[in-house]
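Please treat every number below as a calculation from the coordinates, not as lab data. Computed from a predicted model, the values in this text were never measured in an experiment. Cβ atoms come from the backbone with ideal geometry, glycine included; neighbour counts cover every protein chain shown.
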Amino acid sequence: MSDTQIRRIPDRLDNPLRSAIFSWQSLLLLVATAIFVANSLATPYFLNPWSISDATFNFTEKALIALAMALVIISGEIDLSVAAIIAFCSTMMGFALQFGVGTFGLVVIGITTGLLCGAFNGALVSGLRLPSIVVTIGTMSFFRGLSFIVLGDQAFKGYPSSFAYFGQGYVWWVVSFEVVLFLIMAVIFYFVLHRTSFGRQIFVIGNNPVTAEFSGVRVRRIKFLLFCLTGVMSGLAAVLLTSRLGSTRPSIATGWELEVITMVVLGGVSILGGAGSIIGVVLAALIMGLVTFGLGLLNVPGIVMSIVIGTLLIAVIALPILAGRLRARMER
Amino acid sequence: MSKLMKNREFWLALALAVLIWGVTLRAPGFGASSNLLDIFNNTSILVILALGQMVVILTRSIDLSMAATLALSGMIVALLNAAYPGIPVPILLAIAAISGAILGAVNGLLVWKLNIPSIVVTLGTLTIYRGTIFLIAGGQWVNADQLSPAFIAGTRLPILGIPLLSWFAVLIVVVFFIMLTRTTIGRALYAIGVNPTASVYAGINVGKTKFIAFTIAGTVSGLCGYLWVSRYVIGSVEVAKGYELSIIAACVIGGVSIAGGIGTVGSALLGALFLGVINSALPVINISPFWQMAISGAAIILAVIFNSRTSRQKGRIILKSARVGE
């Protein structure tokens, strides 16, 4: 699917201040601030700590997966099965609940199921060297299909009250458990991707898997690990979501895979692999959360918000390209 | 004979025949010609869409917005029919196809002129097109009693005992067969999928060919918009939601390579029919319809594994990369 590309390597570094100002992150920060201000002006209910806290619930679960998805996409692969993994993890938790498993056991089962699903994807992609986009389209129906087999048109309910803490609890004042968990994870992912040799290797794989292989990077093992990681994060998101909703249906989290990928791409991660940053993804998650919540306060239906998100996705990619062309034309 | 053994379509057709035969053992009457024609009729829309998607996949691209394009075009003609029942059906059909072509061309232009990867473009337009349905319909549904009898008959009218819907699928299969095997655009679609660099040297405009592929996919999606609303007698935001992945699944099962350049009319046709047969076989052999999704998922995974075994071919790069898309 990727086109043959020519990447120019500059012979000298840009002015660091200038490149920081014109970077993708600054653009996203600007957009986020603009939306924040627009929200505050548009409705009097927005500038209130509790409202803003509520707004975070719109994106923290998806954003947790987006952190791992960013790594997968940077490595040149994609995982479309994340929402189906959530459904299957949630179903397994509900299934275990029927046998009287307690809160701690439910969390372990949720995350382990996610890990196994991710390992299944990883084995198919790096073990059998199959294209990840097709594999995960297949496992996407497969995992959700398994949930439908277990549940049919029924639902699992009656989760213990201590289980509700993960999706509904607050650590301190308006700061929810979900937000704290997301921030901790974002910091961890930032360090892994930008400050370790493992993270460096992910970029190398995404830029040129053949070179990576010849440089001694264990391409297949790293890709396998990244799919496992995405599975674990999906399992974690399943714990939070199930806890927040208090019930499991097989249709849980439908369509989330596309929202998670939108978040990642909006965050400046190249869909062709090899480029991206965690800060960008976090800002993109913030933007999507603010847009959704702000429009929600203005009584705009969810489906119309999706127009805004879709336009935003194309616009933030198209505008820099158009601007670059315009600049090239002016210089000529 | 050995050529036949290596032929993917041959094996898929064989698998399909074995499947039908196996189900018929359990449920006599499943293999009856009237039932098979029924299955074909039920799968017609998927067949048409899979052909459109295949043309895009051949060029190393993907179109995730087909189902949304279908739903939007369907809603446009449904609203037109509800407001002006006097407009003849063939004109509505043309309007559906043209609106689909425009939506597809938007995808194609973004891919061609801005060089944005198709998966990102169509992910964006997928949500935009779906949202637009809500806007133009004001969140309302178009129900059966608002549609004119001629509109509903457009897919049901039997010709030679076979409903018009099936004839649409047959017509599209023939058109696609001629286009892919007998025209230069057909050759170009394969060429840029197999080797975009060589295609540039051969004088093929890669970007423009992709644009044409997306416009074709949009056109058939628009056409299916009318067919869907007429067949299921409902126009709503939810029409064909999530169907984009079934369309890709049909292509993959049929052996269309996601890496581009590999796939024939037979592959898309058989892939779609395979899904159609499984869907109608499950209730017949008393398997809960809730198994359907997991089975089609497993079928996709198996098909990918099988295809990777048969299609691994070696090649040598003799020309350095040329700039593609300009």
Calculate the dipole size of the stretch A:23-318 relative to its Cα centre from +1 charges on Lys and Arg beta carbons and -1 charges on Asp and Glu beta carbons; express the result in debye to the nearest 20.
520
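Given a Förster radius of 56 Å and the C-beta distance between residue B:308 and residue A:43 as r, what FRET efficiency does 1/(1 + (r/R0)^6) yield to the nearest 0.05?
0.60
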Quick one: work out Rg over Rh on the C-alpha atoms of chain B, Rh as Kirkwood radius.
0.98
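At 0.36 nm per residue, and after removing the present C-alpha to C-alpha distance, how many nm does the segment from residue B:145 to residue B:11 gain when stretched out fully?
So the extension gain works out to 43.7 nm.
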Multiply the residue separation of residue A:99 and residue A:171 by 0.36 nm, subtract the distance between their alpha-carbon atoms, and state the gained length in nm to one decimal.
22.9 nm
Using amide H atoms built in the peptide plane, which far-off residues or other-chain residues are under 5 Å from residue A:171 H to H?
A:176, A:177
Would you pull out the residues with amide H under 5 Å of residue A:276's amide H, same chain only if 5 or more places away, H placed 1.01 Å from N?
A:270
Computed FRET efficiency, Cβ-Cβ of residue A:215 and residue A:34, R0 56 Å: what is it to the nearest 0.05?
0.85
Tell me the mean residue ellipticity at 222 nm calculated for chain B from its helices only (DSSP H runs of n ≥ 4, each -39500 (n - 2.57), averaged over every residue, nearest 500).
-24000 deg cm²/dmol
Given N residues in the stretch A:23-318, what is its alpha carbon radius of gyration divided by 2.2 N^0.38 Å?
0.99
If you count, for every residue in B:284-297, the Cβ atoms of partner chains within 10 Å of its Cβ, what is the mean?
5
Excluding exposed DSSP-loop chymotrypsin sites (Phe, Trp or Tyr not before Pro) (at most 14 other C-beta within 10 Å), longest clean stretch of chain A:
A:174-332
Average partner coverage of A:139-152, which counts Cβ from other chains inside 10 Å
6
If you stretched the chain out fully between residue A:200 and residue A:321, how much longer would it get, using 0.36 nm times the residue separation minus the C-alpha to C-alpha distance?
40.9 nm
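Using the Cα centre as the reference, give the magnitude of the dipole from point charges on the C-beta atoms of the protein assembly as shown (Lys, Arg: +1; Asp, Glu: -1; all else neutral), rounded to the nearest 20 debye.
With only Lys, Arg, Asp and Glu charged at Cβ, the dipole is about 2000 debye.
Would you calculate, for chain A, the mean residue ellipticity at 222 nm contributed by helices, counting each DSSP H stretch of 4 or more residues as -39,500 (n - 2.57) and dividing by all residues, to the nearest 500? Don't skip to the answer; put the middle values down first.
Numbers: 15 runs with 232 residues, N = 332.
Helix contribution divided over all residues of chain A: -23000 deg cm²/dmol.
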Ordered by residue, what ³J(HN,Hα) values in Hz, to whole numbers, does the stretch B:236-241 give under the Karplus form 6.51 cos²θ - 1.76 cosθ + 1.60, where θ = phi - 60° and Gly and Pro are x?
8, 4, 7, 3, 6, 5
